[in-house]
Amino acid sequence: MPDRAQDDKEPKLWRIEAADEASTLTLAAAQAAWLEPGDFVALSGDLGAGKTTFARGLVRALVEQPSLEAPSPTFTLMQIYDAPRGPVVHADFYRLRGSMELENLGWDEAIEGSVAIVEWPERIPEALPADRLEVTIRFDPSQGPDFRVLEMRGRGRMGRRLARALSVGMLLQRAGWIEARREYVEGDASVRLYERLTRVDGKTAILMVSPPRPEGPIIRFGKPYAAIAKLSPDIRAFLAMAEGLRGLGYSTPKIFAASVEDGLALIEDFGADTIAEDGVPNSARYAEAVALIADLHKRDLPESLPVGDDVYRLPVYDIEAMLIEVELVIDWYGAAIARTAVPSGARMQFLGVWRDILVPILAEPTAWTLRDFHSPNLHWLPEREGIARIGLIDFQDAVIGPPAYDLASLLQDARVDVPDDLEMRLMALYVRRRAAEDPAFDAERFAAAYAAMAAQRATKILGIFARLDKRDGKPQYLSHLPRIERYLAKNLAHPLLRPQALWYQSHLPRALGPEPDPPEPSARRSGTN
């Protein structure tokens, strides 16, 4: 198991013990899993300690040929292999006398777009890039004739990637999943990463990589956007909510292992089935999701939850959080999609009309608001019963907020078209269930809050999807914009939201959907006398 050592000036150093050659090969193969084209691996250490063995383990894993010989390039100087992720260059600098000889080998051209693995890199230090993985291998005769200690250090951008890779390895080792096959799975719109792990016995699990959220620039109140919008800063929120929801009888992934410090969790795999089938809502499954959210909203829920030896307090979805979210439509959708510059006076008017609508709604009774309660995050578990058939997976940004928000998130699903008649039937189902439990439940007030929350969410998502395209290079989210625009226009038809509707018509009409094409002019018939 790796030990962490830290020097004040040097990047973090990881010391890993390898009892024999087989352990060295296994360790190398584990590092190959996270290497990418363009990476540079520098192998140093004692003569005969295992630099070539480590390199062989890397090459075999990268080219996916476990029995490949991969000999030392001591005499050939450089060996190039074809691999699925791109070329692999294995070189030995021991016999080279300077950068000129390296240039004569065509070194720069060879390593472009390749994973470069170099033994004796210290012979030509000027050839080492700033971003590199350094591996130093030394014998430790005090523990046995073949016992080795490997010291690994990531320089530049490799430092964070190395730390993540080794932390994942420690977690999987601890959980008994180190030998599992790993494959990336498509994640959400966040910075989180996911892998599906498969054991030889067919059992699967999901590795969630959720590093602490970068703070970002200060926006207002001395806080970055994420803090104002009440987005979870680290994985503690997921762990706390997973246990809290499961304690109420809902299906959340079991936590097999977790590391708060490293932002990692190995969790139960709910499979690929969701409440939507092939992009179409399954009405029976959606109805079960409505039943779940109605059940949650009838409960007296705590404001804080245990997480390990700590306590996680759910943030309140307050007016400033909701206002900074709706501003995204001006900052990103308006600028990048509508290509409209909204004057500062119009921006202040926009925030004013939203404040007037939202403040009274936020003063009403609240519940846990899971926030991303829609089809991609609601798995279908047919082997379970009742509302336990809904598998919840995305709740780390949960807040204490209006009950109408999650229902609007579900029934105006950002990723699939929910027909108006299905939305109305499911809304009626929710109202009936709530009214049956609470005689004071006011259906008319709830309908107004639903329209306001749906409009707020649609406004926010227009900005988020535009930002994902413009800032994050994810244009696939633009395909959902017409759906969100239709939702927004529909919600703004509610009399409560008349001020918002007028603002959009005056300053950002594109958000209400493209204008219909003008009718074709009628053909004129020429008459005869």
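The values are calculated or read from the model by the stated rules, or taken from the named source; none is laboratory data. None of these values were measured; they are calculated from a predicted model. As a convention, Cβ positions derive from the backbone with ideal geometry for all residues, glycine included, and neighbour counts pool all protein chains shown. Just the protein is used for accessible areas: all its heavy atoms, side chains included, with ligands, DNA and RNA removed. Shrake-Rupley method; radii C 1.70, N 1.55, O 1.52, S 1.80 Å.
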- prompt: Listed residues P73, P84; which is in a loop (DSSP other than H, G, I, E, B) and touching a His at 6+ places or on another chain (Cβ under 6 Å)?
  reply: P73
message: Cβ-Cβ distance below 6 Å, separation of 6 or more or different chains: which pairs start in the stretch 461-474 with a residue that is on the phi < 0 side of the Ramachandran plot and end on one that is of a type in the set (V, I, T) and open to solvent by 10 Å² or more (accessible area, probe 1.4 Å)?
response: A466/I337
query: Regarding A237, is this residue part of a helix (DSSP H, G or I) and either touching an Asp or Glu at 6+ places or on another chain (Cβ under 6 Å) or buried (at least 18 other Cβ atoms within 10 Å of the Cβ) (or both)?
result: yes
message: Within the stretch 115-136, take every residue that is without any contact (Cβ under 8 Å) to a residue 40 or more places away in the chain and assigned to a loop (DSSP other than H, G, I, E, B) and give me the one that is nearest to A70 (Cα to Cα).
response: I124
task: Filter the stretch 240-262 down to residues that are closer than 21 Å to T204 by Cβ and among the small types (G, A, S) and give me whichever is surrounded by the fewest Cβ atoms within 10 Å (Cβ to Cβ).
output: S259
task: Specify which of the listed residues (S67, S44) is touching a Pro at 6+ places or on another chain (Cβ under 7 Å) and not charged (D, E, K, R).
output: S44
In the stretch 179-206, residue most open to solvent (accessible area, probe 1.4 Å) [restricted to those that are touching a residue at least 60 places away in the same chain (Cβ under 8 Å) and under 18 Å from Q31 (Cβ atoms)]: R182
message: Of the residues R60, R85, only one is in contact (Cβ under 8 Å) with a residue 24 or more places away in the chain, over 13 Å from W120 (Cβ atoms), surrounded by fewer than 17 Cβ atoms within 10 Å (Cβ to Cβ) and not acidic (D, E); which?
response: R85
field: Residue tally, condition outside any helix (DSSP H, G or I), at pLDDT 95 or above and out of contact with any Gly (no Cβ under 6 Å at 6 or more places or on another chain), over the stretch 372-392
entry: 11
message: Among the numbered criteria (1) closer than 27 Å to G159 by Cβ; (2) open to solvent by 30 Å² or more (accessible area, probe 1.4 Å), which one does T74 miss?
response: (1)
Filtered residues of the stretch 33-64 (kept if in contact with a strand residue (DSSP E or B) (Cβ under 9 Å, 6 or more places away or on another chain) and part of a loop (DSSP other than H, G, I, E, B)): A33, L35, E36, P37, G38, D39, D46, G48, A49, G50
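Say whether the condition of being under 28 Å from G334 (Cβ atoms) and either out of contact with any Asp or Glu (no Cβ under 6 Å at 6 or more places or on another chain) or of a type in the set (G, A, S) (or both) is met by at least one residue in the stretch 421-428.
Yes: one or more hits.
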- request: Considering every residue within the stretch 385-403, establish whether at least one is free of Cβ contacts under 8 Å to residues at least 40 places away in the same chain and within 26 Å of P253 (Cβ to Cβ).
  value: yes
statement: Result of the Cβ filter at 7 Å on the stretch 414-427, keeping first residues that are under 22 Å from L481 (Cα atoms) and partners that are modelled with pLDDT under 95 and exposed (fewer than 15 other Cβ atoms within 10 Å of the Cβ), at least 6 apart or interchain, is V416/G279
message: Please go through the stretch 274-283 and give me each residue that is of a type in the set (D, E, K, R) and farther than 10 Å from S375 by Cα, ordered by number.
response: D278
task: Just one of (1) among the basic types (K, R); (2) open to solvent by 80 Å² or more (accessible area, probe 1.4 Å); (3) farther than 28 Å from R213 by Cβ; (4) touching a residue at least 24 places away in the same chain (Cβ under 8 Å) trips up R148, so point out which.
output: (2)
Restricting the stretch 392-445 to residues that are among the β-branched types (V, I, T) and under 29 Å from G247 (Cα atoms), the residue that is least open to solvent (accessible area, probe 1.4 Å): V399
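Test Y477 against the criterion of being within 21 Å of V418 (Cβ to Cβ) and in contact with a helix residue (DSSP H, G or I) (Cβ under 7 Å, 6 or more places away or on another chain), and give yes or no.
Spelling it out, Y477 is indeed within 21 Å of V418 (Cβ to Cβ) and in contact with a helix residue (DSSP H, G or I) (Cβ under 7 Å, 6 or more places away or on another chain).
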message: Restricting to the stretch 94-127, and then to whatever is more than 17 Å from V59 (Cβ to Cβ), buried (at least 16 other Cβ atoms within 10 Å of the Cβ) and hydrophobic (A, V, I, L, M, F, W, C), can you tell me which residue is farthest from the chain's Cα centre (by Cα)?
response: L96
- prompt: Given (1) open to solvent by less than 50 Å² (accessible area, probe 1.4 Å); (2) within 18 Å of I393 (Cα to Cα), where does A226 come up short, assuming only one miss?
  reply: (2)
- line: Here the residues within the stretch 294-350 that are surrounded by fewer than 17 Cβ atoms within 10 Å (Cβ to Cβ), in a strand (DSSP E or B) and in contact (Cβ under 8 Å) with a residue 60 or more places away in the chain are P306, D310, V316
